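These notes concern the structure reproduced below.
The values are calculated or read from the model by the stated rules, or taken from the named source; none is laboratory data. A quick note: this is a predicted structure, and the numbers were derived from the prediction, not measured. Cβ placement follows ideal geometry from the backbone for every residue including glycine, while neighbour counts extend to all protein chains displayed.
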Amino acid sequence: MKRRQFIKKGAVTGSLLPFGGAALAAEVFKTPALTNDKYQFNLKYAPHEGMFKALAGDSILAQLEFMADQGFTSFEDNEMRDRSLELQKKMANVMEKRGLEMGVFVAHKIYWKEPNLASGKEAWRAEFLKDIKDSIEVAKRVNAKWMTVVPGHVDLRLNKAYQTANVIEALKRACELLEPHNLTMVLEPLNFRNHPGLFLSESPQAYQICKAVDSPSCKILFDIYHQQVQEGNLIPNIETCWDEIAYFQIGDNPGRNEPTTGEINYKNVFKYIHGRGYKGILGMEHGNSNEGKEGEQRVISAYKEVDAFR
């Protein structure tokens, strides 16, 4: 505990003594105990590696066990494709044993400054399709159904319509690989503030592309944080895009931390998503607003709070 926090806590504890002594003070500052009594969430929220490291330990396998103990039924891992074959298998075994459904992982090399898919260049397209082939094997190994795709930077030398046609063509060819395996790539629009210059930034744009690709293997990853920054109007946009959304990700704004730390009314957003009968995963792709065990406990408490929408 930091010295300032310790002093403040001591001062308040002392002020409570006249009203019931040390017992009352202990009750006020008691940290909620973590138990193995699973909380039953209404939706499939998926933590990621490191989110509960202080409480669960450094081992990602121990973290998976801890997530399941807290009632989470899913897990997502952007880095799964780059993990060793041995670790992928171990993680898959723990997830299967504990009833954790695998969420998204990043399917390919993302180009943050180059217009790989928008350019239409065959070398970039071939690299992307090879990554998709490799990711199919990863998905099978860890029982994943979804993988994240980001088309890269805009091509400033091409009209936007040509770029869109190039992206659609690349995605159609990827779907030819994915469809036989019942796997889905989810396109993630990213906001202009965190990722300036990317080709895909808005949900209507992703919707248009998915409609043009016209495949069950090409859908939208609606990241609520990114779309709050980019376009707002969250529930109406989710409603309009609904038939093309296969996956959600979460983060409050500003700060990109757990729900209840920013401006988004997550209780209402989750109520809408649940009311539509959504059975998929919502990835907790955000940081913790506070460090250490208390910060991690706060994340768990925040999800229980916003999940109580009935």
Original post:
Within region 240-258, can you find the residues that are surrounded by fewer than 17 Cβ atoms within 10 Å (Cβ to Cβ) and in contact (Cβ under 8 Å) with a residue 24 or more places away in the chain?
Top reply: Thr240, Trp242, Gly255
**OP:** Report, ordered by the first and then the second residue, all pairs with beta carbons closer than 7 Å, sequence separation of six or more or different chains, a first member in region 290-303 that is in the same structural domain as Arg256 (by TED's automatic domain parsing), and a second member that is not in a loop (DSSP other than H, G, I, E, B).
**Re:** Asn290/Arg298; Gly292/Ala54; Lys293/Ala54; Lys293/Leu55; Glu296/Ala54; Glu296/Leu55; Tyr303/Tyr45
Subject >> Residues within region 111-133 that are surrounded by fewer than 18 Cβ atoms within 10 Å (Cβ to Cβ) and either at positive phi or in a loop (DSSP other than H, G, I, E, B) (or both), tallied >> reply: 4
**OP:** Could you grab me the full set of residues in region 38-74 that are under 19 Å from Asn257 (Cβ atoms) and assigned to a strand (DSSP E or B)?
**Re:** Tyr45, Ala46
**OP:** Check whether at least one residue in region 292-310 is out of contact with any Lys or Arg (no Cβ under 6 Å at 6 or more places or on another chain), surrounded by fewer than 17 Cβ atoms within 10 Å (Cβ to Cβ) and at pLDDT below 95, and report yes or no.
**Re:** yes
